[in-house]
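The values are calculated or read from the model by the stated rules, or taken from the named source; none is laboratory data. Given the structure is predicted, the values throughout are model-derived calculations rather than measurements. Don't worry about glycine lacking a Cβ; one is built from the backbone with ideal geometry, like all the others, and counts go over all protein chains shown.
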Amino acid sequence: MILPVLVAGLLLLIPEIVIGMPKAVAAWAAVINVVWLTALGFRRSRLAGENPWLSPSFIHMLYLFVLQYGIGMLFVLYGEFFVDYMTWDPREVFELQESIPRASWLIMIGALGTYVGLCVPVLPIARSLPRLAWVEDEGKFPFRALLIVPLTVAAYLYSYSDQAPGEIQQTVYIVGTFGLVLMVCGFVRLLRGTTHVIAWRLVAGTVVVVYCGVGLFLGARSVLMFVVIYYLWSLIGVRGKPSRKLLVGFLASFLVFSFGVFPLLSVYKYHRMGGLVPVEEAIQRTMEDLNAGDEPKLAGLIELVRSTTYPATYVASYQRIAPDPYPYLLGESARVVVSGLVPRILDPDKPNVLQYVQGLAYRAGLFTYQTYFEADQRGGIAIDYVSEFYLNFGPWGVLILSLLHGMYLQTRYDWLIRRSSLELGFPVYAVAFLTASAFWQMFVLDVKNWAIWISLLWLCSRRGR
C-alpha cells in the first residue's frame, strides 16, 4: 500500500509528470497504472484467502478502472479511426483528444486513491450492520418468489413507461429489479445444491425468459448481458475460482453478445426512439438497415465499446469546465444527490437530482439540445465518480474522496459477502454492483436498494413462527 500512496503524492505534487506527456503516452500510462493496481488487488485478495472475483480489490478495479476508464481512454485516443461508423457527432472525439493527458492524470489519481481505500481495514464498521443470515423457509421461499415475480416485471415495465412520474420512477425501477435478485438467489441455490431443484429452476428460468423478453421489447441491451454475467458470477462465487471451461463459456457468450446481439439491439433501439416509434415499425427499419450492409453492425459494435467506457469520456469532458469557467462545486452535487433520500413530501423545495446532474453534463458539452432532451426522457445520468470528485474539490478531492470511496466499497463487501450468508448476501451484492459509477448516486441507490430488496427478500424467505 505504501508504493501507491507515494505515487499518488508524486502525481499531485508534480502533475507535469503526466500532463506534460504526449497524448498517446499519457493514455497508455493510465492503462498501465490501472492494470498494475488491479494486479495488486488480485494478489492481495489471494494472499488474504479470499475469492478475488468477489473482492472489490480485484473485481471493482477490473470492472471500473481497467474496462471503463482504461479501455475508455484508449477509445478516446484512437476514436478517430472509427468516425465513419459513429452514430453521434464525431467532433466530440477530436475535441476530447486534447484533454487526454489531464484526464489520464485524474484517472490515475482516482485509481490510486480507490486502491488505498480498499486496503484500509473496515471490518469493524461492517460488524455494526445487521447480518443477512436469518432462518429461511426453504420450502416456501421459491413459491413465494414465483408469486412476486409478476409484480417485479410489472414494476420494471412501468418504470420505463411515460406514465412513471420522475419522483417515483427510480423506486419503481428498484422494485422491478428485485426479480433479478430472485434470479441470482435461484442460481446460487441450484449451484450449491437444494432439495427444491424444480422450484428454483422455475424461478430462475421464469425471470430469465421474462426479463430477456422485456429487454428485447424495450431495447434494453444490458439486461441480456447481465443475465449471463450474474450466472457466471454465481458460479464463480460458489466454486471459488473460474475453470477453463467457465472462461471459455464467458468468452463465447461475450463474443455472441458483442458481435450479434448488441449491434442488433443498438440499431433497433435507435429506430425505437425512446418508444416514440411502434415496435413493428422499429423492427422493420432495423431489418432494412441490417440487410443494407455491414455498416449498421459495425456502428452497433462501436456503440458497445462507447457505452461500456463512458466514464473515461466523462472525465475528459468535465475536467475542461472546472475551475474555469465554472468554479468548484464544494460539495454542492453531493448535497443535491443525497437529498434524493428525503421524500419530496417532507422537502417540497428540494432540487430535482436528474435535472441537476444533466445540467452539469450539458455544461460539459456531453449533451446537445437534442440529446439533452432525449436523456431527460430516458432518465439517464451522465457523470462518474472521478469527475464528480474533481468538479467539487479539484485533484486533491479526487484522491481523498476516492480513498473514502474505496473504504465504502470494502465495507459493502465485508457486510454482504464476508459477514452474511452467500445465499442471501451475494444476490444483493451482485445485482447492486452494476449501478451508477458516481459515488453519491451509488450511495443513494444502495440505500434504496437495500431498503427495498432486503425487505422483500426477508418477506419471501423468512420462516414463520
(message) Restricting to the range 317-356, name every residue that is assigned to a helix (DSSP H, G or I) and charged (D, E, K, R).
(response) Glu332, Arg335
(request) Within the range 8-39, count every residue that is among the β-branched types (Val, Ile, Thr) and over 25 Å from Arg320 (Cβ atoms). (result) 2
(request) Enumerate the pairs (first residue in the range 245-266 and more than 16 Å from Phe226 (Cβ to Cβ) and hydrophobic (A, V, I, L, M, F, W, C); second residue anywhere and modelled with pLDDT of 75 or more and in a helix (DSSP H, G or I)) with beta-carbon separation below 8 Å, excluding pairs fewer than 6 apart on the same chain, so at least 6 apart or on different chains. (result) Leu246/Leu232; Leu246/Leu235; Leu246/Ile236; Leu264/Thr286
(request) Only residues that are within 15 Å of Ala27 (Cα to Cα), modelled with pLDDT under 90 and assigned to a helix (DSSP H, G or I): list them for the range 95-118, please. (result) Leu96, Gln97
(request) Could you pull out the residue among Ala48, Ala30, Ala24 that is touching a residue at least 24 places away in the same chain (Cβ under 8 Å), among the small types (Gly, Ala, Ser) and surrounded by fewer than 22 Cβ atoms within 10 Å (Cβ to Cβ)? (result) Ala24
(request) Could you check Tyr156 against (1) assigned by TED's automatic domain parsing to the domain that holds Ile198; (2) within 26 Å of Arg463 (Cα to Cα) and say which number it fails? (result) (2)
(message) So, Val342, is that one more than 21 Å from Pro395 (Cβ to Cβ), among the hydrophobic types (A, V, I, L, M, F, W, C) and at pLDDT 80 or above or not?
(response) yes
(request) Kindly list, by first and then second residue, each pair from a residue in the range 220-235 that is free of Cβ contacts under 8 Å to residues at least 24 places away in the same chain and aliphatic (A, V, I, L, M) to a residue that is in a helix (DSSP H, G or I) and buried (at least 21 other Cβ atoms within 10 Å of the Cβ), limited to pairs with Cβ atoms under 6 Å and residues at least 6 apart or on different chains. (result) Val223/Tyr211
(message) For a quick check of your reading of the model, give me the residue pairs whose first member lies in the range 322-341 and is in the same structural domain as Leu354 (by TED's automatic domain parsing), whose second is buried (at least 18 other Cβ atoms within 10 Å of the Cβ) and of a type in the set (Gly, Ala, Ser), with beta-carbon atoms closer than 7 Å and at least 6 apart or on different chains.
(response) Tyr328/Ala322
(request) Can you give me the number of residues within the range 119-161 that are modelled with pLDDT of 90 or more, in a helix (DSSP H, G or I) and either touching a strand residue (DSSP E or B) at 6+ places or on another chain (Cβ under 6 Å) or over 30 Å from Cys212 (Cβ atoms) (or both)? (result) 1
(message) Out of everything in the range 129-151 that is of a type outside the set (Phe, Trp, Tyr) and more than 21 Å from Ile198 (Cα to Cα), what residue ends up being farthest from the chain's Cα centre (by Cα)?
(response) Val135
(message) For the range 429-452, which positions are modelled with pLDDT of 85 or more and in contact with a His (Cβ under 9 Å, 6 or more places away or on another chain)?
(response) Phe433, Met442
(request) Determine, yes or no, whether Leu416 is part of a helix (DSSP H, G or I), at pLDDT 85 or above and either surrounded by 20 or more Cβ atoms within 10 Å (Cβ to Cβ) or outside the structural domain of Met73 (by TED's automatic domain parsing) (or both). (result) yes
